[in-house]
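Data first, discussion second: the structure below is written as structure tokens.
The values are calculated or read from the model by the stated rules, or taken from the named source; none is laboratory data. The model shown is predicted, which means the values in this text are computed figures rather than measured ones. Positions of Cβ are generated from backbone atoms using ideal geometry, with glycine treated the same way; all protein chains shown enter the neighbour counts. Just the protein is used for accessible areas: all its heavy atoms, side chains included, with ligands, DNA and RNA removed. Shrake-Rupley method; radii C 1.70, N 1.55, O 1.52, S 1.80 Å.
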Amino acid sequence: MALLEVLKFPDKRLRCISEPISEITDEIRTLAANLCDVMYDEPGIGLAAPQVGEAIRLIVIDTEWRNSEEGEITSKNPLILLNPEIVESDGTIVWNEGCLSVPDFESEVTRAARVKLVATDLDDHPIEIDAEELQAVCFQHEIDHLDGVLFIDHISRLKRGLYVKRRQKQLRREIEDSEAPLPV
Ligand code: NI
């Protein structure tokens, strides 16, 4: 089956507030598996359902996969989190972030250094995780997606403005290229 497409800024669907999941259906299980496939294919360390156009509170995260020498991802151990919520946070940490929905851009973002996350898994069992460093950053980044927030919303207006301009130029070029007559 073809992989789901990751929506890219400035797609408006990335700005939706996602709905809580009240019942774990086969569709949700399938979507979770598809999200994992996309995450490992890109590859990324986290993906949220609204990034593939599904406005529900579901995220997948794997901050510990490794590449084999052949470039294959090994030791996959995805965390699939439904209705994730940060219930405690403290400290601050600055991390260089990127996002599969924000092409060709990275920037330092200040986040809470330590968080406690609660969620449920696909069997509707409660999950509670105390996270720090990369995992804490990743939880905050992915939960932001469920509230229509992107990491570029956390950087200075100036930096964001420069990125938006560059992205608009890139999109214009893509349109021009697609309209250009084929070489004979
Ligand atoms: Ni992201």
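Taking the longest Cα principal axis of the chain as reference, the axis of helix 157-179 is set at about 60 degrees.
Which of LYS8/LYS76; LYS12/LYS169; LYS12/LYS159 have a Cα-Cα distance over 23 Å? From the list (LYS8/LYS76; LYS12/LYS169; LYS12/LYS159), the Cα-Cα distance tops 23 Å for LYS8/LYS76. For ALA180 and LYS159, the difference between the fully extended length at 0.36 nm per residue and the C-alpha to C-alpha distance is 4.4 nm.
Think of a 1.4 Å ball rolled over the protein heavy atoms: region 12-177 then has 56 Å² of accessible area per residue. Per-residue Karplus couplings for region 102-111, computed as 6.51 cos²θ - 1.76 cosθ + 1.60 with θ equal to phi - 60°, are listed in order as 10, x, 6, 8, 9, 7, 6, 10, 8, 9 Hz, Gly and Pro entered as x.
Ranking THR25, THR92 by solvent-accessible area of protein heavy atoms (1.4 Å probe, all protein chains present), from largest to smallest, gives THR92, THR25. Over the residues of the chain, the helix contribution to mean residue ellipticity at 222 nm works out to -9500 deg cm²/dmol, using -39500 (n - 2.57) for each DSSP H run of at least 4. GLU108 contributes an accessible area of around 120 Å² to the protein surface, as traced by a 1.4 Å probe with all chains present. For region 59-129, trypsin sites (Lys or Arg not before Pro) meeting the loop criterion (DSSP other than H, G, I, E, B) and having at most 14 other Cβ atoms within 10 Å: LYS76.
The overall shape of region 12-177, judged from the alpha-carbon gyration tensor, is rounded, with an a/c ratio under 1.5.
Could you calculate the contour length gain from THR63 to ARG29, that is, 0.36 nm times the residue separation minus the distance between their Cα atoms, to one decimal place in nm? Walk me through the intermediate numbers first.
Working: separation 34, 0.36 × 34 = 12.24 nm, distance 2.08 nm.
Residue separation times 0.36 nm, minus the Cα-Cα distance, leaves 10.2 nm.
Placing a label point 7 Å from the Cα of ASP90 along the Cα-to-Cβ direction, the residues of region 104-134 with a backbone N closer than 15 Å are 112-117, 130-133.
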